[in-house]
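**Q** Can you keep this structure in mind? I'll have questions shortly.
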Amino acid sequence: MTTIAMLARRGGGLARRGVTQVSASSPASERRGDGANVAGDALARTRASRAFSASSRARDASRPPSARDRMSVASAFEYCATRVRQLDYENYLCALFLPREHRPAALALRAFNAETASALGATKEPQLALMRLKWWRDAVDAAHDADETSLPDHPVAIALRAVLATQNAGGGARTKTWLKRIADARVRDAEMGLENTTPGSVAFLEAYAESTSASVLYLQLDLGGMRDTNVDHAASHLGKALGMVNLLRGTPAHAKQRRLYLPLDVCAKHGAVAEDVFRGKNTEAIKDATHEVASVAKAHLDSSRGMASTLRGVARKGSASSSTPVKPETVFLPAIAASTYLEKLERVDFDAFHPSLAQPQPPLVAQAKIAWAAFTGKY
């Protein structure tokens, strides 16, 4: 079992055990004491409690850094799992089908992606979101810094550093590149919002999806010991599909913030008006523009799936922290949710504002689809 998996399991155990509670019962002599004695005993207990707390803090400060870090890492991985389950349930389900030793790292990456992806929607002030995203970009640098004191006291940052600690020098450099690429893309997205700038073309959306969703896939594959040109090619296509689908899914929420991700050239081609999107109008022009973007996403999804047969024969190598590499088909399980959304979007005639699209799949249905895909090896 890898170090990451051991720490994650230890964290779960701590959460289950909780903090040991002191019994509320007191000796009979205390119950029979007069008021003055009770008050005196209470004061003594308060002073003793304060002294105990002070001595506990002193002991914690005197502990070796490694002991404190192990507890922090355990809690950090537990936080990441909870956060992904809250913000990105479909990808949480997909992570459960990875080998046990690779799940903590995958959930840490997904937590980082979810935190940065939700920054713009978490506040009505774009400037605050931009500041938050720049903070995350700095946190990536800190996670790679040899000086541990520069690391932010945030569970996701702590978990990322623990993941990086299992990599060799080359692996750490690759990981930093992809994490920075995700953060930089989110920062640029926020800056465009402040500038009231809309993506100019489908190619821009593809580049954004490559920098975000595809980078997450590259990270999972690399950390799982899977490095192959064909696999990366399939991941690139799938990442573009996932990123573009996520932008389409977010259309109603983006419109409320007056953010538009239907490219200008596509809108101009079909006569779609940005103000109609912001007002949530269901015009034929907007449907046509949505259809064109969805078609590009579907083409990338089909291209990735078309390479599935070549992925099964790929030679696999163990990662630096594990002798059990991940299977590309398992890393690519998020394709199931993207495919489901595109099918639903087609059924409602590419009306991105249709209420049925905002309704998540019943958990059992989502679990069954992902489980079957994992069992058959078809994403």
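**Q** At pLDDT 95 or above and not assigned by the TED database to the domain that holds LEU262: which single residue out of ALA203, ALA214, ALA185, ALA169 fits that description?
**A** Numbers: ALA203 fails: not assigned by the TED database to the domain that holds LEU262; ALA214 fails: not assigned by the TED database to the domain that holds LEU262; ALA169 fails: at pLDDT 95 or above.
That would be ALA185, the only listed residue that is at pLDDT 95 or above and not assigned by the TED database to the domain that holds LEU262.
**Q** Under 6 Å between Cβ atoms, at least 6 apart or on separate chains: pull out the pairs that start in the range 102-115 with a residue that is aromatic (Phe, Trp, Tyr) and end on any residue that is assigned to a helix (DSSP H, G or I).
**A** From residues that are aromatic (Phe, Trp, Tyr), the pairs are PHE112/VAL156.
**Q** In the range 269-287, which residues are farther than 23 Å from LEU194 by Cβ, open to solvent by 60 Å² or more (accessible area, probe 1.4 Å) and among the aliphatic types (A, V, I, L, M)?
**A** Result: no residue meets the conditions.
**Q** Do you know which residues across the range 246-268 are buried (at least 17 other Cβ atoms within 10 Å of the Cβ), touching a Ser or Thr at 6+ places or on another chain (Cβ under 9 Å) and part of a helix (DSSP H, G or I)?
**A** Listed by number, the residues that qualify are ASN246, LEU248, THR251, VAL266, CYS267.
**Q** Let me ask another. Going by what's in this entry, would LEU164 be described as in the same structural domain as ASP302 (by the TED database) and surrounded by fewer than 21 Cβ atoms within 10 Å (Cβ to Cβ)?
**A** Criteria not met by LEU164.
**Q** Looking at the range 83-101 only, could you name the residues that are closer than 26 Å to GLY193 by Cα and either touching a residue at least 40 places away in the same chain (Cβ under 8 Å) or open to solvent by less than 40 Å² (accessible area, probe 1.4 Å) (or both)?
**A** Answer for the range 83-101, where residues must be closer than 26 Å to GLY193 by Cα and either touching a residue at least 40 places away in the same chain (Cβ under 8 Å) or open to solvent by less than 40 Å² (accessible area, probe 1.4 Å) (or both): ARG83, VAL84, ASP88.
**Q** Specify the residue that is least open to solvent (accessible area, probe 1.4 Å); the eligible residues are those in the range 190-212 that are in a helix (DSSP H, G or I) and not hydrophobic (A, V, I, L, M, F, W, C).
**A** Result: THR212.
**Q** From (1) of a type outside the set (Asp, Glu); (2) modelled with pLDDT under 90; (3) buried (at least 18 other Cβ atoms within 10 Å of the Cβ); (4) within 24 Å of the chain's Cα centre (by Cα), pick out the condition that doesn't hold for LEU311.
**A** Going through (1) of a type outside the set (Asp, Glu); (2) modelled with pLDDT under 90; (3) buried (at least 18 other Cβ atoms within 10 Å of the Cβ); (4) within 24 Å of the chain's Cα centre (by Cα) one by one, LEU311 breaks only (4).
**Q** Note down all Cβ pairs under 8 Å where the first residue falls in the range 347-367 and is in the same structural domain as PRO252 (by the TED database) and within 25 Å of PHE278 (Cβ to Cβ), the second is among the hydrophobic types (A, V, I, L, M, F, W, C) and in a loop (DSSP other than H, G, I, E, B), and they're at least six residues apart or on different chains.
**A** Here the result reads HIS354/VAL348; SER356/VAL348; LEU357/VAL348, each pair linking the range 347-367 to a residue that is among the hydrophobic types (A, V, I, L, M, F, W, C) and in a loop (DSSP other than H, G, I, E, B).
**Q** Within the range 338-379, can you find the residues that are farther than 11 Å from ARG249 by Cα, part of a helix (DSSP H, G or I) and open to solvent by less than 30 Å² (accessible area, probe 1.4 Å)?
**A** SER339, THR340, ALA366, ILE370, ALA373
The values are calculated or read from the model by the stated rules, or taken from the named source; none is laboratory data. All values derive from a computational prediction rather than experimental measurement. Backbone-built Cβ (ideal geometry, glycine too); neighbour counts: all protein chains shown. Accessible surface is based on the protein model in full, side chains and every heavy atom, while ligands, DNA and RNA are left aside. Shrake-Rupley method; radii C 1.70, N 1.55, O 1.52, S 1.80 Å.
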